[in-house]
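Visitor: Have a look at the structure that comes next, please.
We did not get these values from a lab; they are worked out from the coordinates using the rules stated. This structure is a prediction, so every number in the text was calculated from the model and none was measured. For neighbour counting, all protein chains shown are included, and Cβ atoms are generated from backbone atoms with ideal geometry for every residue, glycine included.
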Amino acid sequence: MTVSRSLPTSHHAADLLAKVRARRPRVHCLMNTVVQKFTADGITVVGGIPSMTSSRDEIADFVAKADALTINLGTLDAERRAVIRIAVEIANAAAKPWIVDPVHCDYSRGRLEFARELIALGPTIVRGNAAEMALITDTRASLRIQTGPVDLLSDGQRAVSIQNGHGWMAQVTGTGCLSGGVIAAFMAVEKDALLAAASALAVTGCSAEMAAQEAKGPGSFEPAFLDALANITTENIRERARISHESC
Ligand SMILES: Nc1ncnc2c1ncn2[C@@H]1O[C@H](COP(=O)(O)OP(=O)(O)O)[C@@H](O)[C@H]1O
Ligand SMILES: Cc1ncsc1CCOP(=O)(O)O
Ligand SMILES: [Mg+2]
């Protein structure tokens, strides 16, 4: 893989999705206990292979065998903090890409401090919603992502917005967490974190739009979204992706 400094387009999104489907990267998830299944399904339907253990005895081996790691702080306790620290050490030593989702760091001082501690260890990406990212101002991450009705991505040199998605994504618990897993799968096939993440978010956003056309509300939207993620084509992405380049 070569590191490019291109700006992402729908062409990158379609190309990287094809690479994920062909290469089937392993994504290890230290995922909150609320949306483990939904996140694992999201990674699987785009073509990746998820693993989900958070056992202290196993984490080093699982991260060592993974192509990318996603760390989500949604349900945090002392044991999980210890396991996350081990996972980050292994990922950094092997230069594996990793993403942090500082879920609800705006609710608790202790969680915010832990999120900041992790982000100081140099993740490839930090992604959160607007309330969370408002508190993550100082970051050693290569790329910052704030999701919402419009997703904003910046690596300090390039800035991009993605204007895909659907309001029902905000009414299904775990779409943000799932996006962290899908972004990790794309990072496994593309070293340029901005190209990888913009592509992953364009694919998830376009899939959500297609799912919304089939669904009656948030309940039927959730399985339709997984169907669309599994079935989305290059043509769908080229027709729908709305990726804009912004000034930094
Ligand atoms: N109103 C919306 N319109 C379109 N897409 C949305 C909307 N709200 C959230 N999304 C999408 O849902 C996913 C989760 O984003 P967000 O709700 O910001 O995160 P979280 O679930 O962590 O709070 C992202 O892919 C984002 O693009
Ligand atoms: C509700 C909740 N509580 C702890 S983790 C979690 C899921 C958060 O999911 P998302 O941020 O993707 O909506
Ligand atoms: Mg979230």
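Visitor: State the answer as a single residue: which of PRO8, ASN231, GLY176 lies farthest towards the positive end of the charge dipole of the chain, with beta carbon charges of +1 for Lys and Arg and -1 for Asp and Glu, about the Cα centre.
Guide: Going by the Cα projections, it comes out as PRO8.
Visitor: Here is a further query. Across bins of 5 angstrom width beginning at 0, how are the C-alpha pair distances of region 10-246 distributed, in whole percent?
Guide: 1, 7, 16, 21, 22, 17, 10, 5, 1, 0
Visitor: Next question. Using the Cα centre of the chain as the reference point, and only Cβ charges (+1 on K/R, -1 on D/E), how large is the resulting charge dipole? Debye, rounded to the nearest 20.
Guide: 340 debye
Visitor: Please report the net charge: other residues with Cβ closer than 15 Å to the Cβ of PRO123, K and R +1, D and E -1.
Guide: Around PRO123, the charge tally is +1.
Visitor: Run lengths n ≥ 4 of DSSP H only: what is the helix-derived mean residue ellipticity at 222 nm for the chain, with -39500 (n - 2.57) per run over all residues, to the nearest 500?
Guide: Calculated from helices alone, the mean residue ellipticity at 222 nm is -15000 deg cm²/dmol.
Visitor: By counting other Cβ atoms within 10 Å of each Cβ, how are HIS166, HIS245 ranked from fewest to most? Display every interim value, and only then the final one.
Guide: Details: HIS166 22, HIS245 12.
Sorted ascending by nearby Cβ count, the order is HIS245, HIS166.
Visitor: If you keep only loop residues by DSSP, which chymotrypsin sites (Phe, Trp or Tyr not before Pro) in region 69-149 have at most 16 other Cβ atoms within 10 Å of their Cβ?
Guide: TYR107
Visitor: Of SER179, SER199, SER220, which is the most mobile in a GNM of the chain whose springs link Cα atoms less than 10 angstrom apart?
Guide: Highest fluctuation of the listed residues: SER220.
Visitor: Here's another thing I want to ask about it. Quick check: residue separation of SER55 and HIS11 times 0.36 nm, minus the Cα distance between them. What number comes out in nm?
Guide: That works out to 11.9 nm of additional length.
Visitor: Any idea how far apart ALA130 and THR233 come out in nm if each label point goes 7 Å out from Cα toward Cβ?
Guide: Each label point is offset 7 Å from its Cα along the Cβ direction, giving 3.6 nm.
Visitor: Now for a different question. For VAL150 and LYS191 in one chain, what is 0.36 nm times their gap in residues minus the Cα-Cα distance, to one decimal in nm?
Guide: Once the chain is fully extended between VAL150 and LYS191, it gains 12.4 nm.
Visitor: Report relative contact order for the chain in percent, whole number only (criteria: Cα-Cα under 8 Å, sequence separation at least 6).
Guide: Dividing the mean separation by the residue count of the chain yields 25 percent.
Visitor: Using 19 Å as the cut-off for backbone N distance, which residues of region 116-146 belong to the label zone defined by a point 7 Å from the Cα of ARG85 along Cα→Cβ?
Guide: Within reach of a label on ARG85, which here means backbone N under 19 Å from a point 7 Å along Cα→Cβ, region 116-146 contributes 116-123.
Visitor: Charges only on Cβ, +1 for Lys and Arg, -1 for Asp and Glu: so what's the dipole of region 126-204 about the Cα centre, in debye to the nearest 20? Show your work: numbers first, answer last.
Guide: Details: 5 positive and 6 negative charges, 9 e Å.
With Lys and Arg at +1 and Asp and Glu at -1, about 40 debye.
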